[in-house]
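Novice: Would you mind keeping the following structure in view while I ask a few things?
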Amino acid sequence: MIHLLPTIAKVAERVMLGWIAVEIELGPTQFGSQRQKGCHDMMATLYEFLEYYKGHERGLMSMDIEGGFDKIDTGLLCQLMAVRGCGLTMCRWVARWASRRSVKFQFNGRLSREYYINQGIPQGSPLSPFLFGIYVADILSPCLLCSPSVASVVLCNNPTLVEISGATGNKIRT
């Protein structure tokens, strides 16, 4: 669900994004929703990666997490933020921001009653893509711990892109 937010809300969320981005580093292989990191940087990293691992078995996997923003568990998001070094005040703010939302629908000139949303984060907020990046940043970590043949992983969440490279002769499982 895409949310149309008041301008003042977007300004406040952009300020919070600046503060959260100072506290949390998503890592060198996250490109979506980060200041001065875009698709061209992701493509350059991907090219360098492919050149560096010439002669190795390589694979490329692209994912689209359907309804990703709407399905985020905000409790888990706050835990992931804390693990990445975000302060308790910021984590609490995000939890309140994500859980105290309501929407109304308008169709054919008629306005619905107010519905309260306690799941996910709003798609349309300047803060949401960065929070989604935090949520999916470690999506492959359990696989990597169990796969010593994996040499490198590249992630990009806008569009979501995951690349995994293994040593020569090893099969890549995606």
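The values are calculated or read from the model by the stated rules, or taken from the named source; none is laboratory data. Since the structure is predicted, the reported quantities are computational estimates derived from the model, not experimental observations. Neighbour counts run over all protein chains shown; Cβ positions are idealised from the backbone, glycine included. Heads up: the accessible areas ignore ligands, DNA and RNA and are worked out on the full protein's heavy atoms, side chains in. Shrake-Rupley method; radii C 1.70, N 1.55, O 1.52, S 1.80 Å.
Novice: Filter the range 19-33 down to the residues that are modelled with pLDDT under 75, surrounded by fewer than 15 Cβ atoms within 10 Å (Cβ to Cβ) and either β-branched (V, I, T) or at negative phi (or both) and list them by number.
Specialist: P28
Novice: Between V94, V136, V154, V83, which is modelled with pLDDT under 75, on the phi < 0 side of the Ramachandran plot and not hydroxyl-bearing (S, T, Y)?
Specialist: V154
Novice: List pairs: first residue in the range 53-71 and more than 23 Å from M43 (Cα to Cα) and among the hydrophobic types (A, V, I, L, M, F, W, C), second residue modelled with pLDDT of 80 or more and open to solvent by less than 90 Å² (accessible area, probe 1.4 Å) anywhere in the structure, Cβ distance under 7 angstrom, at least six positions apart or on different chains.
Specialist: If the second residue must be modelled with pLDDT of 80 or more and open to solvent by less than 90 Å² (accessible area, probe 1.4 Å), the pairs left are F69/G120; F69/I121; F69/Q123; F69/S128; F69/F132.
Novice: Might you let me know whether the range 34-57 holds any residue that is open to solvent by less than 80 Å² (accessible area, probe 1.4 Å), within 16 Å of I121 (Cβ to Cβ), among the hydrophobic types (A, V, I, L, M, F, W, C) and modelled with pLDDT of 80 or more?
Specialist: No, every residue in the range 34-57 fails to be open to solvent by less than 80 Å² (accessible area, probe 1.4 Å), within 16 Å of I121 (Cβ to Cβ), among the hydrophobic types (A, V, I, L, M, F, W, C) and modelled with pLDDT of 80 or more.
Novice: Return the total of residues in the range 81-106 being over 20 Å from the mean Cα position of the chain (by Cα) and not in a helix (DSSP H, G or I).
Specialist: Looking only at that region, the number is 7.
Novice: Of everything in the range 117-133, what is surrounded by fewer than 20 Cβ atoms within 10 Å (Cβ to Cβ) and either under 13 Å from the mean Cα position of the chain (by Cα) or modelled with pLDDT of 85 or more (or both)? Give them in sequence order.
Specialist: Q123, P126, P129, listed by residue number.
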